[in-house]
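Bear in mind these aren't lab numbers, they're just calculated from the coordinates by the rules spelled out. This one's a predicted model, so the numbers in the text were calculated from it and none came from an experiment. No Cβ is skipped: glycine too gets one built from the backbone with ideal geometry, and neighbour counts run over all protein chains shown.
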Ligand SMILES: [Zn+2]
């Protein structure tokens, strides 16, 4: 019954994870139904990679559009974001 120190190993893994995380650019996280809506819906939407705000009426292949919220030219069309691998689609937790 010697006291082990799993905490330190844990902490190191976490630290590495954090460091790796910093290199990942922002991603847009949407649910499956949202993604389908953005891909097949009538209105095109885009997202700002700088602040994550949604931009309605954005062409699917838009890139570097100006964000109405933060003013940065980081708005991309949803399809463009998919191509760039900037969209994380997660399953909805409906219980
Ligand atoms: Zn923005």
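Structure summary
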item: Global geometry of the range 26-90, whether rounded, prolate or oblate, following the gyration tensor of its Cα atoms and the 1.5 cut on a/c; result: prolate
item: Computed lengthening from residue 73 to residue 31, 0.36 nm per intervening residue step minus Cα-Cα distance; result: 12.6 nm
item: Calculated FRET efficiency for the pair residue 50/residue 88, C-beta based, R₀ 22 Å, to 0.05; result: 0.85
